[in-house]
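The structure under discussion appears below in the form of structure tokens.
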């Protein structure tokens, strides 16, 4: 199964990444995550959910998987973001569509 943004394919679900959530759990392409910013006092703003995607060859995001919308977050999670895994890729089903967040799952 693959992850899509509209009709654009963004990777094969289940590929291990070097990205971890704020609790240290490794994330995989297709995992759904919740995003918030953090400051010294705690959570500053909740941004909603997103999905872990793979780099596309026609777009240069350094060739590494990233969280859709915040490509700057890397393995260190030091960009001021709180990332929490909401749903793993293995629990998503063919045809699942998160229309409000711009991604969907389809068999490859």
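For the range 77-92, residues that are assigned to a loop (DSSP other than H, G, I, E, B) and in contact (Cβ under 8 Å) with a residue 24 or more places away in the chain total 4. When the range 94-105 is filtered for residues that are part of a strand (DSSP E or B) and surrounded by 15 or more Cβ atoms within 10 Å (Cβ to Cβ), the ones remaining, listed by number, are 98, 103, 104, 105.
Scanning the range 11-39 for residues being within 15 Å of residue 94 (Cα to Cα) and either assigned to a strand (DSSP E or B) or without any contact (Cβ under 8 Å) to a residue 40 or more places away in the chain (or both) gives a total of 3. Could you go through the range 68-85 and let me know if any residue there is at pLDDT 95 or above and surrounded by 15 or more Cβ atoms within 10 Å (Cβ to Cβ). Yes, that holds for at least one residue.
The values are calculated or read from the model by the stated rules, or taken from the named source; none is laboratory data. Just so we're clear, the structure is a prediction, and the values are computed from it rather than from any experiment. Every residue, glycine among them, receives a Cβ derived from its backbone with ideal geometry; neighbour counts consider all protein chains shown.
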